[in-house]
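Undergrad: Here's a structure for you.
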């Protein structure tokens with residue numbers, strides 16, 4: 001069994017998600033916004049985020065992976081679910097659980113540009129700069145900077161486990 005160290009309490013997560021949702025609602029009040037969630041990790045964050053928005057949005061998901069059962073990215077992006085709705089001339093907000101190496105988000109921005117959106121921005125729950133390989137700009141963040149360690153809970157997993165935890169924990173391996 002793994003050891004868990006509490007990193008972020010649920011009430012703090014809720015407060016930060018609501019703050020970011022207010023900013024997004026204000027910034028996109030006159031837009032056609034499409035939220036594109038990155039499966040599987042972002043589905044919990046995206047669910048909470050979209051319920052806090054006060055504007056209409058369209059929702060879609062893409063599924064990428066680069067970790068497998070490891071705690072380090074392989075650097076190779078596997079896309080198992082592509083975009084399924086039309087984003088041409090619409091504002092797109094990529095919703096991601098954690099920005100780590102930046103490789104996945106760089107890949108997704110380039111992929112989504114192919115479909116001709118009006119704009120593409122990024123919203124992330126967590127920013128982990130320890131292993132950043134590509135300088136990627138996060139437009140909306142819940143401002144939780146992670147210095148080091150491997151996190152689970154609130155959608156984040158280790159080998160497909162622990163996504164269901166309501167708070168975020170550092171996993172001691």
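The values are calculated or read from the model by the stated rules, or taken from the named source; none is laboratory data. Given the structure is predicted, the values throughout are model-derived calculations rather than measurements. Cβ coordinates were reconstructed from backbone atoms using ideal geometry, including for glycine residues, and neighbour counts include every protein chain displayed.
Undergrad: Looking at the stretch 1-11, which of its residues are closer than 16 Å to residue 97 by Cβ and assigned to a helix (DSSP H, G or I)?
TA: Within the stretch 1-11, just 10 meets the criteria.
Undergrad: Across the stretch 24-39, what is the number of residues that are part of a loop (DSSP other than H, G, I, E, B) and buried (at least 18 other Cβ atoms within 10 Å of the Cβ)?
TA: 1
Undergrad: On to the next question. Is there any pair linking a residue in the stretch 77-89 that is at positive phi to one that is surrounded by 11 or more Cβ atoms within 10 Å (Cβ to Cβ), with Cβ under 8 Å and at least six apart or on different chains, and which?
TA: Every condition considered, the pairs that remain are 89/32; 89/116; 89/117; 89/118.
Undergrad: Based on what the data block shows, is residue 60 modelled with pLDDT under 95, under 18 Å from residue 34 (Cα atoms) and part of a strand (DSSP E or B)?
TA: On the way: modelled with pLDDT under 95: no; under 18 Å from residue 34 (Cα atoms): yes; part of a strand (DSSP E or B): yes.
Criteria not met by residue 60.
Undergrad: When the stretch 127-173 is examined, which residues are found to be in a strand (DSSP E or B), in contact with a helix residue (DSSP H, G or I) (Cβ under 9 Å, 6 or more places away or on another chain) and either under 15 Å from residue 95 (Cα atoms) or modelled with pLDDT under 90 (or both)?
TA: Of everything in the stretch 127-173, those that are in a strand (DSSP E or B), in contact with a helix residue (DSSP H, G or I) (Cβ under 9 Å, 6 or more places away or on another chain) and either under 15 Å from residue 95 (Cα atoms) or modelled with pLDDT under 90 (or both) turn out to be 140, 141, 142, 143, 144, 156.
Undergrad: Hey, can you tell me all the residues within the stretch 102-123 that are free of Cβ contacts under 8 Å to residues at least 12 places away in the same chain and over 16 Å from residue 34 (Cβ atoms)?
TA: Listed by number, the list holds a single entry, 110.
Undergrad: Additional query: Restricting to the stretch 86-126, give me the number of residues that are touching a strand residue (DSSP E or B) at 6+ places or on another chain (Cβ under 7 Å) and either in a loop (DSSP other than H, G, I, E, B) or under 21 Å from residue 25 (Cβ atoms) (or both).
TA: 19
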